[in-house]
Each structure stands twice: as C-alpha cells, then as structure tokens.
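The values are calculated or read from the model by the stated rules, or taken from the named source; none is laboratory data. As the structure is a computational prediction, the values presented were derived from the model and not from experiment. Because the Cβ atoms are built from the backbone with ideal geometry, glycine has one as well, and the counts that use them run over all protein chains shown. Remember, those area values only see protein heavy atoms, side chains included, never the ligands or the DNA or RNA. Shrake-Rupley method; radii C 1.70, N 1.55, O 1.52, S 1.80 Å.
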Amino acid sequence: MISPKSVLTLIGGAVASTVLLAGNPTQVGFVYVSPVGDAGWTYQHDLGRKEMEKALGGQVTTKFVENVPEGADAERVIRNLITGGANIVFTTSFGYMNPTEKVSRAFPDKFFFHATGYKTGKNMGVYNARFYEGRYLCGVIAGKMTKSNVAGYVAAFPIPEVLQGINAFTQGMRSVNPKAEVRVIWVNAWFDPGKEREAALTLISQGADMITHHTDSTAVVQAAEEKHKANKNIYAFSYHSDMSKYGPTAQLTGTTHLWGDFYTKVVKEVMAGTWKGTNLWGGFKEGMIKLAPLNPAIPADVKALVEKEQKEIAGGKRHPFAGPVVAQDGKEKVAKGKNMTDAELGSMDYYVQGVASTLPKK
Amino acid sequence: MQPSLLSAVIFATLVAGTPLIITALGELVTEKSGVLNLGAEGIMSIGAVAAFAVTVHTGSPLLGVLAGMGAGMAMGLIFAVASLTFMANQVASGLALSIFGVGLAAFIGKPYESQALPSREAINVPLLHKIPVLGHAFFEHQALVYFSWALLAAVAWFLYRSRTGLVLRAVGEAPVAAHSVGYNVVRIRYMAVLFGGAMAGVGGAFLSVFYTPLWVEGMVAGRGWISLALVVFATWRPMRVMIGAYLFGGAMITQMFVQGSGIHLNIPAQFLSALPYAATVIVLVLISRNKNTIRLNSPASLGQPFSPEA
C-alpha cells in the first residue's frame, strides 16, 4: 500500500515537473503546452532548450513548466517564471500569445519570445519555422515512391499552418507525379493516438500507400509500420520528430524541428545586450527544420533529387508555393513567375489542386 | 460499398468499440449495486500504464492485461474505501479518482514513454475466419475483442440469471431491505466496485498493449467518460451498452472512411467528428425512451451512501 505522504509526493512530482537549478547565471524559462514525452512538438522544443543550455555552458540555467493550458493559466505560469528569477521566457504555443504580451508589458526589463504567433513588442519577439519546406520534400519522395498514386494525410485542425503542410506536400508530390492525389482525414484533435491510428488505417485500406500526419502522437507511423509488414509499398513520413523508432522500416523520412540554434543565438544576444527584436520565420536556410534520416529504401536518384531541391529551397531558388499555384476550385492563387508571400501563407484557407478531399467549412 | 471496404469498416468498428464495452460493462455492474464510480478515466489510465510496463518487462501481453486488471482493482479499492467505508460523496470521490489516476499514470509512465511494443498478431477463429467478408470482420481479432463478447454474455447471465446477481441488483434497488434480510450490503458493493475497477483496467490495457501499442500521457483521451455515458444512455442494460459502443465506434470509423474516400461532400468535418456522439445518444435515447423500462432498470439507490448502522 502506498502511504499518504508518498502519494502527495507523487502528485507533487507529476503536477510540477520543473527543473530548478540555483546560481547566478541568466535564468531562461520555457512554457510547454503538452508533456515533453518522447516525440512531438514539445519534445523538439525541449531538445532545443537542452542544446542551448549545453552550448552556453554555465552562463545560463533553464527551467520549464510542461502541460500548461493555453489561456489564463498561462499568464500565471509566465509571471511565476519571471518572479522566480527568469530573465528570458520562451512560450511555445500559439495560445500563449496574449498572456505573453500582457506579462511582457508588466516586466519591461525582461525578455519574451513567443512561438508561432504574430504579436511583437519592445521586449517581445516572435519565431516560427517554415515546416512546409520539409513537407514539400516529403511530397516529392511520396510522388516518386507511390504505387497507388494516393497519399493519405491525418490532420488535426484546419488552420493555416496545417493547410500549408497539406498543400506543400501535395505541391511536392504533384511536381514529380501529376497523377498523384492526397486524401485528408481530419481527426479534430491534436492528440488522440486511437483516432490517429484509425484514420491512418482507414486511409491505407482505401488505397493510400504514402501516409503522413499533422497530429502529435506517433500512432500514425506505428500503424504504417504494422501495415508495411504485409504490404511493402506502404510508407510513412513523420512530423515534429524523427519517429523511426516507431517505424524502423516504414518511415521514409520526416520533417523535424530544430530550435536549439535559434535559442542559443537569441539568448546570447539578450545576454550581450545586442538584441534588437526578433521576428523570425526560419526554414532549411536558418537550420530550423531538417529532414529525418532518409530510409535506405529511397532510390539513389530520388535521394539526389531531394538533396538538390533542399539546397535550392535553402538558397531561395525554389519555393514550395512558386506560381502557378491553383486552388482546388480552379482559382489561381499565385501567378506564374511569382512566389507566395508570407502574408498569403499565413492566411491560407484552401486546398490546392491535387487534394482529393473537401475542406471543412469554417 | 465494396465487400473489402465493408469488411474493413466492421473490423475497425469492433476494435474501436472494445475498450468502451469492457469498461462500460464493469461500470454497469458497479452501478447496478447502487454505486456511482466516476473514476473510469483515471482507472483506465492506470490500467493502461501498468499493463504497458509489465508487458515491456516480461514480454507477455497476458501478464500485462492481468497487471492492468490488478491496478484497476487497486484503484477501485481506493474508491471503495473512501465512498463505502468512509461514506464520502461518491461523485466527488469518483471525480477525484479520475484526476488522480490520469496524473499518477503520467508520473509512473515517464520512463516508458520512449518505448514501443511490437504489434500483436491477431487470433483467427478456425474455419469461421475464412468466411468471405465477414470472416475478417468478426473473426480475426485480438483476444480482448472476443473477451468483450464473452464478458457481455457473462454479465448478462450474472445479473439476470444468477442468484448472486439478483442479490446485487437488490442491493442497488433497496439497500435497506437487502440489509434487513441479512445481506452484507457494503461487502457486495465492495465486490462490485472492484469488478468495475478490474474491467476498466482491462479496457486501459487494451489501449496500451493492443490498440496503439505505446504509452503516452493522456492516451485514454476521454474513453473513460464515454464509457460512463454509455451506461446511462443504455439505461443500465448490458446488450444496449454493446450496441451503443459499436454505434459510437461505427460512426467514428464510417465518418473517417467518408473523409478518406476523397468524395466531395459539403459536410463540415467538425460535424462528422461530432457525429459519433450525437448518433449514439440519439439512438440509445430512442430505443430506451420507455419511462417504465428506465425506472425498472436504473438502480434506485444509485449514488446514495449506505450505512448498516443507520
């Protein structure tokens, strides 16, 4: 039997799993929307935190609070981090934008960085990554490797960031395989392994052989791995993290996020007093995204093509949404010879041609 | 619909419904004895993490499921001590158990988050699984799917055909009367709560060892609450619990097949996602709308504490 005291300790440990270190160095706080876990959005941010801590040696200490709900509770957590001694706070989910801004105005001598939002201030920066660049390359691989010409996409919510991924994947796939189509299942949840798995299996049973996802668990890659055993044509692309542990043979590659260099750079700037504001949306060029190791099943010519196109994207010579970009209903969104602007990317609310599903209405 | 597609839809429906059936049937027995245990979500989480951990260490899914069952019973015991011995409010104790269970499971599960279990081979029922279309749909499942059917038969037989089941229902209907003819109400309720906990633990074990063979915090994702709702909407009748669970699973799978088919439909996906909940509630309310049967089947003393001394 567990004693009441140890139960209390357990609860305490589970609720406030924060890392606390003492000393004089600059303290950097992180607010995470979900548990760190072993893969996914928050896991990548935590890898970035650890890298930054390592790179800056004894100059910084870090502290994180995980599983913080978006909304009013976030403000309390951010304030607590500041009053607990943090000079810099990174808030890593869209819903933290307003609380972050509010606290940043209350503490003008501290520094705040918010991921994926759009509000900035004298002491508040914003950062995000061009995940769609990686999606495009995954699409290229899918287009080359598909036998059924159908890809399946398990998606969470129809917001611009998710649509950018679906559309970039489709653009990439169709750039090498005009017959290909992408089917989307919305599970209306960021995290429900059971539903994600069912959606992946549904897509596979309906003929999709290239599976990817924009949800938070590893269930989709795992489901593809299971089906790969019976049908060697079935492959998956991971998202957020390298999930090859869950799909050693089925995962072809995946779009992974790398925040470490950015965190190191910006914390250095703040400590040196040279920080002049951040509004960074980085991709391959800035090293904020990377493809997971390529599966040996990918033929050499496809591998070479992907490496070439990745260089072109990083060098600005290729854009996943280079015109002509045509929406599903036939309307031209970007004219030939032009690239989609960041503002247009940020307000994406349509499917491009090649997506075979219907977009949920607003 | 193509036969292979129909087969796939039925197959996925049965799998999706299984954890709900096992958990809900356990809860049904608990509630029939007059105890409302709202802790299913927490118990399932604990069952899932215990089963996963034991399967990782021993490599045996059977031991894993047994561990999930044991952990579920331990959770049931906590609830029983609080609400039956100390007569704490059942609703409050149940809710507390849910929150506690989810948090404790996350804590225990930390070291297991990086591990994955191999997916389990299905057990094919000899001969029957060769029937075209239906063979794959019904007879190529994991053991716990068959277990859920056996459980339904056992619970229905126990409640309506066995003497002990009659006593249990009497305790749920009129604990004072049952007490006055010499039955130990508290002990019977203890047993019912432990059974409910054990089944919720097995439901959780199904999720982490068979359904998605991994452990992550929050993976039960509301299935405990859905099971609780199923019991009420099925008006405490075992067969309807199963119908409700399959309806829920079926609606979820069907809407996914519709989305994944690439057919152009002008239905918002959010509506499709809400459909399983709506369909289950509507159908169960319709088939159970007779006021008399509701009165007959709902345990009269549900949620009320009983003290033999009073």
(message) Looking at A:Thr256, A:Thr215, A:Thr249, A:Thr278, can you tell me which residue is touching a strand residue (DSSP E or B) at 6+ places or on another chain (Cβ under 7 Å) and within 14 Å of chain B (Cβ to nearest Cβ)?
(response) A:Thr215
(request) Taking B:Gly224 as the residue in question, decide whether it is in contact with an Asp or Glu (Cβ under 9 Å, 6 or more places away or on another chain), facing another protein chain (nearest Cβ under 9 Å) and either part of a loop (DSSP other than H, G, I, E, B) or modelled with pLDDT of 90 or more (or both). (result) no
(message) Being without any contact (Cβ under 8 Å) to a residue 40 or more places away in the chain, part of a helix (DSSP H, G or I), open to solvent by 30 Å² or more (accessible area, probe 1.4 Å) and within 9 Å of chain A (Cβ to nearest Cβ) narrows it down to one residue among B:Ala278, B:Ala274; which is it?
(response) B:Ala274
(message) With the structure loaded, tell me whether B:Ala16 is touching a residue at least 12 places away in the same chain (Cβ under 8 Å), more than 13 Å from the chain's Cα centre (by Cα) and under 14 Å from B:Leu207 (Cα atoms) or whether it fails that test.
(response) no
(request) Look at B:Met191 and say whether it is under 24 Å from the mean Cα position of the chain (by Cα), in a helix (DSSP H, G or I) and closer than 30 Å to B:Gly59 by Cα. (result) no
(request) Grab the helices (runs of 4 or more DSSP H) fully contained in segment B:78-184, keeping just those with 3 or more residues being surrounded by fewer than 21 Cβ atoms within 10 Å (Cβ to Cβ) and among the aromatic types (Phe, Trp, Tyr). (result) B:143-161
(message) Residues that are within 14 Å of chain A (Cβ to nearest Cβ), over 21 Å from the mean Cα position of the chain (by Cα), farther than 30 Å from B:Val56 by Cβ and buried (at least 23 other Cβ atoms within 10 Å of the Cβ): does segment B:232-254 have at least one?
(response) no
(request) All but one of (1) closer than 30 Å to B:Phe158 by Cα; (2) surrounded by fewer than 20 Cβ atoms within 10 Å (Cβ to Cβ); (3) among the polar types (S, T, N, Q) hold for B:Ser227, so report the exception by its number. (result) (2)
(request) Select from segment A:188-208 the residues that are open to solvent by less than 10 Å² (accessible area, probe 1.4 Å) and more than 7 Å from chain B (Cβ to nearest Cβ) and list them in ascending order. (result) A:Glu196, A:Ala200, A:Ala208
(request) Considering each residue of segment A:250-285, count those that are surrounded by fewer than 18 Cβ atoms within 10 Å (Cβ to Cβ), in a strand (DSSP E or B) and of a type in the set (A, V, I, L, M), and give that number. (result) 1
(message) Which pairs turn up if I take residues in segment A:341-361 that are within 15 Å of A:Lys331 (Cβ to Cβ) and assigned to a strand (DSSP E or B) and look for partners that are small (Gly, Ala, Ser) and modelled with pLDDT of 90 or more with beta carbon separation below 8 Å, at least 6 apart in sequence or on another chain?
(response) A:Val352/A:Ala327
